[in-house]
1. How about the stretch 134-151: which of its residues are modelled with pLDDT of 95 or more and within 20 Å of the chain's Cα centre (by Cα)?
2. Does the stretch 227-237 hold any residues that are open to solvent by 40 Å² or more (accessible area, probe 1.4 Å) and within 24 Å of G143 (Cβ to Cβ), and which are they?
3. I need the full set of residues from the stretch 99-120 which are open to solvent by 90 Å² or more (accessible area, probe 1.4 Å) and in a helix (DSSP H, G or I), in order please.
4. Just for the stretch 243-270: of the residues that are modelled with pLDDT under 90 and small (G, A, S), which one is nearest to the chain's Cα centre (by Cα)?
5. Can you name the residue in the stretch 168-208 that is surrounded by 10 or more Cβ atoms within 10 Å (Cβ to Cβ) and among the acidic types (D, E) and, of all such residues, is farthest from R132 (Cα to Cα)?
6. Could you check the stretch 23-41 and list, in sequence order, the residues that are outside any loop (DSSP other than H, G, I, E, B), over 16 Å from F72 (Cα atoms) and free of Cβ contacts under 8 Å to residues at least 24 places away in the same chain?
7. Among the residues that make up the stretch 215-226, is at least one of them part of a helix (DSSP H, G or I), of a type in the set (F, W, Y) and either touching a residue at least 40 places away in the same chain (Cβ under 8 Å) or more than 13 Å from Q123 (Cα to Cα) (or both)?
8. Can you tell me which of K87, K19, K14 is of a type in the set (D, E, K, R), surrounded by 14 or more Cβ atoms within 10 Å (Cβ to Cβ) and modelled with pLDDT of 95 or more?
Amino acid sequence: MKDLFSIGEVADIKGVTIKALRYYHQEGILIPAYIDKESGFRYYSIDQFIHIDIIKACRILGTSIKELKQIFMESNTNNLLKFLAFKKEETELKMKKMKEVIETIDKLNDSVQFAKMVLVNNQITVQYFKKRYVVTAPCKEVGDLKEVLYYSDLDKIIQEKNVETTMESGIVYNINSKGSLEPSYVFSVLNDNDGIQIEQNIDILPEGKYVTIAYSKENEEKSMTKLHNYIEENNLKINNFIEVELLDDIFNTDSYSCQIQLLIGDDGEC
């Protein structure tokens with residue numbers, strides 16, 4: 001039969017299964033151009049190849065069989081183009097959300113790897129950090145439940161400002177006249193600094209060298225003693241105190257890990 005292709009040939013040429021072609025016939029979506037009355041073999045014309053392309057594209061876009069039946073029942077090109085434009089917009093939105101999911105996975109992986117790296121040896125190091133813009137929420141007390149409430153306030157501010165943040169978050173403390181720590185605010189580091197201006201609930205963690213030490217719940221006391229001795233031995237004056245949460249074990253709720261960051265000034269002050 002000239003200009004007609006068997007169901008097997010169509011399956012090979014268009015990259016679809018014979019089972020799928022039979023199903024589309026059964027559902028009235030793609031009727032073969034010719035069916036041999038004696039053998040029941042299905043044959044398709046080359047003009048139907050574009051219909052197969054449309055079906056494949058629609059299925060990839062999540063089009064239901066019911067929607068496909070409607071499209072081919074109407075056989076209206078303008079309606080098809082409107083439908084495909086809608087599906088394109090819908091797909092672009094899904095792709096944007098999937099990109100955000102992938103970025104979140106990457107952020108999480110980077111955060112866990114960083115935490116594991118700094119926790120390997122419980123040593124004091126001097127690290128250089130670039131200027132970090134942060135979203136902040138006031139914090140007056142610390143403790144498991146209290147911190148959750150302050151971080152909840154922070155999440156609301158992030159949503160209100162419609163900004164993207166990394167997974168780096170923590171608490172900034174002030175040093176009072178007695179040398180004791182007083183929590184000032186919880187923060188989350190902004191993902192992109194371009195065009196960011198300091199305003200209410202937006203602040204900066206200064207660029208520079210920081211004395212740092214990472215610790216877990218199990219060695220917190222030992223680490224704080226080591227840090228205190230280092231400060232005294234080097235005659236450092238502490239003006240601020242940054243505590244960054246470390247995500248080394250997401251599922252272990254019985255423990256916690258943090259990194260302390262103390263900015264070193266030009267004159268050796270922190």
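1. Those that are modelled with pLDDT of 95 or more and within 20 Å of the chain's Cα centre (by Cα): V134, V135.
2. Correct list: H228 only.
3. Initially, the stretch 99-120 is screened for residues open to solvent by 90 Å² or more (accessible area, probe 1.4 Å), giving 99, 102, 105, 110, 113, 116-117, 120.
Correct list: K99, I102, I105, D110, Q113, K116, M117.
4. Checking each candidate, the answer is S255.
5. Step one: list which residues in the stretch 168-208 are surrounded by 10 or more Cβ atoms within 10 Å (Cβ to Cβ), which gives 168-175, 181-193, 196, 201-208.
Add one more test, that the residue is among the acidic types (D, E), and what stays is 168, 182, 192, 203, 207.
Numbers: E168: 10, E182: 21, D192: 9, D203: 8, E207: 7 Å.
By that ranking, first place goes to E182.
6. Quick first cut of the stretch 23-41, residues outside any loop (DSSP other than H, G, I, E, B) only: 23-26, 34-35.
The next check asks that each one be over 16 Å from F72 (Cα atoms); those that pass are 34-35.
The answer is I35, and nothing else.
7. Checking the stretch 215-226: not a single residue is part of a helix (DSSP H, G or I), of a type in the set (F, W, Y) and either touching a residue at least 40 places away in the same chain (Cβ under 8 Å) or more than 13 Å from Q123 (Cα to Cα) (or both).
8. K14
The values are calculated or read from the model by the stated rules, or taken from the named source; none is laboratory data. Everything numeric in this text was worked out from a predicted model, so none of it was measured. Here the Cβ is made from the backbone with ideal geometry for all residues, glycine too, and neighbour counts use every protein chain on show. Areas reflect the complete protein model, heavy atoms only, side chains present, ligands, DNA and RNA absent. Shrake-Rupley method; radii C 1.70, N 1.55, O 1.52, S 1.80 Å.
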